[in-house]
Structures are given as structure tokens and as C-alpha cells.
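Data first, discussion second: the structure below is written as C-alpha cells.
The values are calculated or read from the model by the stated rules, or taken from the named source; none is laboratory data. Here the structure is a predicted model, which means the values were calculated and not measured. Cβ atoms come from the backbone with ideal geometry, glycine included; neighbour counts cover every protein chain shown.
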């Protein structure tokens, strides 16, 4: 058995979360092979605590580049900046410094899935650069204690952007974890496999985040405030050097120049602004689990979102549906009433009615589906959404419904108004599978329209989070993760994958992994099956996911029969919230194990997950409020009688005490702490 001891207040070890964000420059590529020759004194901005320094400079030919230093050591070496406007030229050569201005301030916001009462002080520097045609481009640097944001703005820009040349050139050779999906269109689902930086090639296409470790520090590349632009991919450098550069997907409408070169971004008239290019930095990648900086870089919400209600949901699709008491389980009134009854009895806030409820000429899950469905009509007399919504309301449960994105794309206002008239509280929209400029625009239109009609949103087939859940608080969760559904047709959902997700995909924002599978078997016993699927991890790990994984809307994915036949641990699922006041990373390593604590009010929940290695983990309880002399601890740990068994216990503990958790192979543990 592997032993792990977490040092006292592990977040002191990892608390220096550093996030450096950059918005794509408006300049041609600059690919230095050694120290740049500066044409003037470089301009820098430091975080308020001085731990991070971001520097921008011009070489002797007026070409810009940037560098990132962390605690006095260079982490991102002199790196390229640039945008290519095709026949309208590329910006970068012959630039000169025009002006520099500075200011400071702070942001305050809540992020219910991760923390509340967030305070984010910053210092800002705006650098104006002039080109040979008299146009001025502004680069805005904003430095937080947790990092630096970097954005470019212009009052006017050419009509079409073809490529972005921004690079992240590594000072050393880190080992990275990322998903090389290799194509523009995908559901953004895959394993975050380890990849030495030297093996990242120009033909690769990684989506965010790319998480890298140097041995002395960790950084993760992502983006935020994605609007009126295409989503970001990362590929290896054209010159073969260490690092990555941005690649943008072409527009879906095929817009191209006279020689057939595809346009990535059609710029709007007036102000032009690119998304933030984000580099999160810390001593250890676990610190990114606590970070709220990707959201801090996004615009604050506009309007009243007090109606938004986080919670857990019963779900008919993942488990089959299978219900012994229903003669013909499926998408019909009898089945859905049974799931509503289960949600009411279990204290779940929602019941989700998935694909199959509305009229369509073809299955919306087929690859070539082009929007033949009519979400204003039921599939037949066997299903009645307004009646089900009324039935659910009487029992204190709210209804969510599924739709293919093409079936809500047109007449969206009218359709969403009808959903609210029916009594529906939220929508799950699926199969977008793109992040080009038009699809990014669709997200904003969908989320804003849903908000106007009081609908919460869950997006599947979705691109990685980029701060939208802060701008639209009704955007409760999203997919873009290789989650539990893959147990239905593959062996890909391993314990190592589950642990790795906490340090990679999860750091960006809410993640609808859809936990709750209670048919726990060993990897040797596991076999993929579409109906009543199994999971090759323990019951303890199933419970821990509700703490480790952030999702203000969390699925309880198995059938009511599974929970009735094997109820061990379901009491924890009833108890665990989805809306948190504070998050702490307590220990772990990518792919090995992870321990996370989250607080709701005065109660702390802890989740621990391990890979295929069993281990004992010593968890210091120094995060507990010292004013309470005694805390009650309830523990759900892996049992001795197989993957579905639990050892449940209670004990009293003191702040600062160390609590040992015992995890089986592919296992986990959950813990609740309350002041006495």
C-alpha cells in the first residue's frame, strides 16, 4: 500500500496560484532563438505581491515579444505575438512605443461552484503601440496576486483575421498533460495524456487546458472572455522549438479570400478585442483547483440572476433507463414520473428528461442530423412535458429538458418562452461540437436568451470553459469532458483518468462528468454495456466525485433501482451540496491521487480519489476553524467486501489533527466535518 502524508496547510505549499493571461497581439510572428535586442526599455507589470512579472518589449525592428518570470526565474521565454489579416497585411514590423498609462483596482464576485466573496486586487498597465500607417494598438496588462492578464484592443482592424501567431515558448522542457484531439470539430472529450514538450508537433491540435510541470513550478494555458472570436487550440511551434502557439479554427460558413485561404474571425466594425490568453502558474498544479482567475477575467453578469438554483438531478438516459416497476421503461410519462418520484424522495432539486421527448424526423443523436426536430411538439401521446412539469412541481422538483442545438437555433425566443409556459426550469443543449466564431456567437445568444426566460442551461458537446459561467450565472454546468457516459461503450474511464481530470479539465470551470454510477466492479470484472452500465471504480470514489468535481448542477446518474438495491453511500449523495463557499486543494499529483475540501456554511466536505494503487493518506485538518474546539467527522471509506462496499464510521476530531484515509485500488473516500 502506498502511503502519502500531506504537509500542514498544503495550500500554503501551493497557494501561490499564478495566472498570467494574454490576449492575442496584433503583430507578425516573432520567433527569437536567443536574447532579443531591445530597441527601448522594456515595460513590465508585477502582481501586487511581486511574485509574477510579465514583460513586453520591441526588438530592433519594432517587433513585439513578451516574457513571464515567476519568483525570479523565467518560465515563458521571449515569445511570439501576432495576428495575420491575410491580404490586408499583418501587424508587427516597425512598431513604436506611443504611450504608457497605469491604474489599479480590485474585483469582487461570487463563483458558486467554487467560492464566494472572492476579492481580486489588480494593477494595470496599458501600452499603446503605433504602426507605420498611424494606427494605434493598445496592449492592456492587468496583474493580480494570482497572475497577470494581457489583452490587445483596437479602434479599427481589417475585416478578416486568418490566423493568430501568439506563442508560448517554454524556457525549459516541461512535461505537459493535454488532449491532442487533432481536428477542429469534436465534442472536446479525451484523455489528458502526459506529453513531453519536445514531442508536441506543429500538426497537433490541443484544446485547453494544457497543463505543464517544470519540476519547480507548474503552468496551464487556457483562455477567457471568449466573445466575437474563435476558440483556441494549441499546436507545436513552426520552428521546432520548445513550446506551443495558437491555432484558430476556420469559420463554419467557408468564408475565404481570393486564393481560398479560410477566414477564422470576421471582425466587427468599431472596437476590436481578442480573448484573454491565460497562463495559470503555481508551485504545484493542484493549486489550480482553487483558482478563480479564468472566471475573474470574464465580464461580470448583467441583470438579476437570483432565481438561479444549483442542485442535483435525477436522469433517465445514462442508466438506460431501467426501472423494474415500469413495464416499458423509456421516454414516456410512466418512466419520467418514476424518476420524478425518486428525485422528490431523495431530496434532489431536478429531474432531467433527455433525448426522445419531442417530435423529429430522425434521431438527433445521428452524426448527420441537421435539425429535423420540432421542440414545440411532443413525440406522441406517450409523453406530455407540461403535465410532467406540473406533477414535478407538486413534489418540489423542477424539470429540465434536452434538445439538439439545431432544434433551438431558430425562433429561440419563442421556443424558450414556450418551455417556460410549460413549466420547464432549464435546458440541456447538445452536440454543438465546435468552437469556431459562429458557434461562440451561438453560445452567447443561447445563454442570454435563456436568461431572459428564466431558464438554466447545461451544454453538452461543449468547448472548454472560458469564463462564461461568470457572465451568465444561469450557465450551471457543461460537458467537454470524457465522462461517465463512456462506461456504456468503452473501457476508457479508469481511475487514473478520473484523478487526472481534477488537475486538468476541472481547473477551467464546471464539469458535468455525470457521476453517481453504483454498479461498482473491478477493472477485471468490468465490461462496457449501454443499458445498466458498470463503473470500474469503487463506491468510495463515486462519492468523492461529488466533492472533487465542481458542477453546480450535478447528475445522480444511475437508476433508482440501483440505489435501492445497493444503497451504501447514497446518504452522502443526499447530503452533499453543489454550491460552495470555499475550495481547498489538500494534496495529490496528476494521475496519482487527489484530495479536495469544500465548505458550505460551517460544514466541510472532503473527497479523496486514487488511481490503481491503494494508498493511505494523512489529511491534516488545519483548514478547520480553530474557534470550534471539537468537530464531528463522518467518514465513508472503501470497504473490505469489494468495490461496492463501504466502511462507514464517525469520530470526533480537533483542528490541526491529522486524519488518515484508507483508499482501495481505484478507490476513494468522502468525509463530512461539522463543528460541535
Being modelled with pLDDT under 85, in contact with a strand residue (DSSP E or B) (Cβ under 9 Å, 6 or more places away or on another chain) and crowded, with 21+ Cβ neighbours inside 10 Å narrows 151, 156 down to just 151
Here the residues within the stretch 488-503 that are farther than 15 Å from residue 666 by Cα, surrounded by fewer than 24 Cβ atoms within 10 Å (Cβ to Cβ) and touching a residue at least 60 places away in the same chain (Cβ under 8 Å) are 488
Next item on the list: Say whether the condition of being at pLDDT 90 or above, part of a loop (DSSP other than H, G, I, E, B) and surrounded by fewer than 14 Cβ atoms within 10 Å (Cβ to Cβ) is met by at least one residue in the stretch 86-96.
Entry: no
For the stretch 623-635 the number of residues that are surrounded by fewer than 19 Cβ atoms within 10 Å (Cβ to Cβ) and part of a loop (DSSP other than H, G, I, E, B) is 6
Considering the stretch 518-554, residues that are under 16 Å from residue 346 (Cβ atoms) and in contact with a helix residue (DSSP H, G or I) (Cβ under 8 Å, 6 or more places away or on another chain), and then whichever is surrounded by the fewest Cβ atoms within 10 Å (Cβ to Cβ), we arrive at 546
Exactly one of 294, 263, 244 is buried (at least 24 other Cβ atoms within 10 Å of the Cβ), under 26 Å from residue 138 (Cβ atoms) and in the same structural domain as residue 137 (by TED's automatic domain parsing), and that residue is 244
Taking the stretch 192-203 and keeping only residues that are within 20 Å of residue 240 (Cα to Cα) and surrounded by fewer than 17 Cβ atoms within 10 Å (Cβ to Cβ), one is left with 194, 196, 198, 199, 201, 202, 203
Restricting the stretch 245-262 to residues that are part of a loop (DSSP other than H, G, I, E, B) and within 27 Å of the chain's Cα centre (by Cα), the one nearest to residue 220 (Cα to Cα) turns out to be 248
Within the stretch 388-411, the residues that are out of contact with any strand residue (DSSP E or B) (no Cβ under 7 Å at 6 or more places or on another chain), surrounded by 15 or more Cβ atoms within 10 Å (Cβ to Cβ) and within 22 Å of residue 350 (Cβ to Cβ) are 391
### Message
modelled with pLDDT of 95 or more, over 29 Å from residue 526 (Cα atoms) and crowded, with 16+ Cβ neighbours inside 10 Å: is that true of residue 651 in this structure?
### Response
no
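Considering only the stretch 263-291, how many residues are closer than 30 Å to residue 592 by Cβ and in a strand (DSSP E or B)?
Result for the stretch 263-291: 6.
Okay, residues lined up against (1) surrounded by 24 or more Cβ atoms within 10 Å (Cβ to Cβ); (2) in contact with a helix residue (DSSP H, G or I) (Cβ under 7 Å, 6 or more places away or on another chain); (3) closer than 21 Å to residue 511 by Cβ:
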| residue | (1), (2), (3) |
| --- | --- |
| 143 | yes, no, no |
| 147 | yes, yes, no |
| 186 | no, no, yes |
| 190 | no, no, yes |
| 218 | yes, yes, yes |
| 221 | yes, no, yes |
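Would you list the strands (runs of 3 or more DSSP E) that sit entirely within the stretch 523-615 and hold 1 or more residues that are out of contact with any strand residue (DSSP E or B) (no Cβ under 7 Å at 6 or more places or on another chain)?
582-589, 593-600
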Within the stretch 24-45, does at least one residue satisfy the condition of being in contact with a strand residue (DSSP E or B) (Cβ under 9 Å, 6 or more places away or on another chain), modelled with pLDDT of 85 or more and under 25 Å from residue 163 (Cβ atoms)? no
- Out of all the residues in the stretch 90-100, is one or more within 17 Å of residue 294 (Cβ to Cβ) and either in contact with a strand residue (DSSP E or B) (Cβ under 9 Å, 6 or more places away or on another chain) or touching a residue at least 40 places away in the same chain (Cβ under 8 Å) (or both)? no
Using the structure shown, decide if residue 79 is assigned by TED's automatic domain parsing to the domain that holds residue 154, surrounded by fewer than 19 Cβ atoms within 10 Å (Cβ to Cβ), modelled with pLDDT of 50 or more and part of a strand (DSSP E or B).
no
Matching residues in the stretch 345-376 (without any contact (Cβ under 8 Å) to a residue 60 or more places away in the chain, surrounded by fewer than 19 Cβ atoms within 10 Å (Cβ to Cβ) and not in a loop (DSSP other than H, G, I, E, B)) number 4
Filtering the stretch 97-115 for residues that are under 26 Å from the mean Cα position of the chain (by Cα) and either exposed (fewer than 14 other Cβ atoms within 10 Å of the Cβ) or assigned to a loop (DSSP other than H, G, I, E, B) (or both) leaves a count of 5
Pairing a residue in the stretch 534-553 that is assigned by TED's automatic domain parsing to the domain that holds residue 637 with any residue that is crowded, with 24+ Cβ neighbours inside 10 Å and not in a loop (DSSP other than H, G, I, E, B), where Cβ atoms lie under 9 Å and the two sit 6 or more apart in sequence or on different chains, gives none
Residue 342: passes all of (1) surrounded by fewer than 24 Cβ atoms within 10 Å (Cβ to Cβ); (2) in contact with a strand residue (DSSP E or B) (Cβ under 7 Å, 6 or more places away or on another chain); (3) part of a loop (DSSP other than H, G, I, E, B) but (3)
